[in-house]
1. With +1 on each Lys and Arg Cβ and -1 on each Asp and Glu Cβ, and nothing else charged, work out how big the dipole of the stretch 66-144 is about its Cα centre, in Debye to the nearest 20.
2. Hey, in the GNM for the chain with a 10 angstrom Cα cutoff, which one of S210, S244, S201 fluctuates hardest?
3. Sort V170, V22, V327, V215 so that the residue with the fewest other Cβ atoms within 10 Å of its own Cβ comes first and the one with the most comes last.
4. Over the stretch 24-248, what is the relative contact order in whole percent, taking alpha-carbon pairs under 8 Å and six or more residues apart?
5. Quick one, can you get me the convex hull of the C-alpha atoms of the stretch 1-122 expressed as volume per residue in Å³?
6. Does the stretch 145-250 come out rounded, prolate or oblate, given a ≥ b ≥ c as the square roots of the eigenvalues of its C-alpha gyration tensor, rounded meaning a/c under 1.5 and, failing that, prolate meaning a/b above b/c?
7. Over all distinct Cα pairs, what is the inverse of the mean 1/r for the stretch 223-353, reported as the Kirkwood hydrodynamic radius in Å?
8. What is the distance in Å between the Cα centres of the stretch 4-76 and the stretch 176-247?
Amino acid sequence: MDDETRARRERCHTFVHGDGLVRPADLLAGIGHDPVPDVYGDGGVVADLESTVAQLLGFPAAVFLPSGTMAQAATLRVHVDQRPSRTVLWHPMCHLATHEGEAYARVHGLTGRAIGERQRLLTRADLEAVAEPPGAVLWELPQRDLGGELPAWDDLVDQVGYARERGAAVHLDGARLWEASAGYERPLDEIAGLFDTAYVSFYKGIGALSGCCVVGPADVVAQVREWRRRLGGTLFAMWPAAASALNALPERLAEMPARLAHARAIADALGAVDGVRVLPDPPQTPMMHLLFAVSEDRFTANARRLAEDEGIWVWPEPMPTDDPGVVRCELSVGRATCRLDAPRVAEILAALCA
């Protein structure tokens with residue numbers, strides 16, 4: 001975001017996406033009063049967060065890391081180092097494959113193999129079509145690039161069971177597991193408990209400072225902790241991010257069912273708006289993708305007009321699609337979204353197609 005766009009956002013008073021404009025002072029206030037510092041990741045509020053997350057997700061151990069890019073590749077490496085195959089199966093839109101500069105291969109020597117199709121969820125048939133024995137299989141819940149879609153619960157259980165039968169480790173990319181719990185109407189530990197290990201993020205959905213946790217068996221988590229040090233992730237003082245997450249978790253988790261209900265109300269209201277399509281419809285988690293029947297230039301001009309004339313911040317520019325007359329945006333339903341009733345959100349979004 002350039003300086004001009006950032007200044008335009010600063011002047012807005014209404015925000016549609018996520019938690020809206022969150023200032024550094026807001027994040028620092030979320031740290032709370034007098035947290036006990038860690039020393040290089042040991043003790044203090046870092047240990048408290050690890051214990052809390054392990055208990056929430058139903059695992060014996062957890063480790064706090066500064067980024068998901070570090071966390072997930074290291075976890076998968078620990079799994080495949082214990083198996084004859086270094087191949088990890090995942091969806092074509094897996095974050096490790098699309099956003100991490102091939103760190104899984106260049107740093108950890110893993111072979112990533114995309115299976116299935118980009119525009120739908122994984123199926124058991126996709127797994128069965130792979131003759132190569134995998135070392136690990138990764139599922140992302142919810143599938144962000146499909147608008148937060150979730151596989152049917154019984155299908156997920158069947159897929160994970162099949163992968164285990166083949167001797168593969170099963171890992172959950174649960175960056176938005178908090179949202180998936182609302183969508184499945186199941187507790188966090190029941191969902192995470194399907195897997196050998198799980199990763200969760202604290203700035204997505206929870207709205208905390210950066211950082212994440214990996215949960216799993218004590219021996220696996222201990223090895224991930226060693227990889228954290230090798231990769232330069234054991235910082236001298238990790239307590240601000242950990243305290244931010246620990247303080248935010250209870251309230252934000254309690255909000256997820258209401259956020260999901262609001263997402264579905266917005267989708268219902270958009271049903272009467274020409275030129276806007278919701279994916280998936282109805283939303284399965286407190287997020288959705290929106291397809292706008294408008295060119296990229298027109299969308300950007302309309303978004304700028306809303307910001308300058310009405311003080312409403314949406315997205316400064318959309319994501320392109322294969323159709324030049326259609327663009328895509330991701331709406332994460334957060335605290336700012338929930339301050340607007342569904343008809344008002346639909347009215348704002350309709351203006352982007354004008």
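1. Dipole size: approximately 60 debye.
2. S210
3. By the 10 Å Cβ count, ascending: V22, V170, V327, V215.
4. 33 percent
5. Normalising the Cα hull of the stretch 1-122 by residue number yields 211 Å³.
6. Here the stretch 145-250 falls in the oblate category.
7. 16.9 Å
8. 10 Å
Laboratory data are not the source of any read-out in this text; all were calculated from the coordinates shown. Predicted, not measured: the structure shown is a model, and the values here were computed from it. Backbone-built Cβ (ideal geometry, glycine too); neighbour counts: all protein chains shown.
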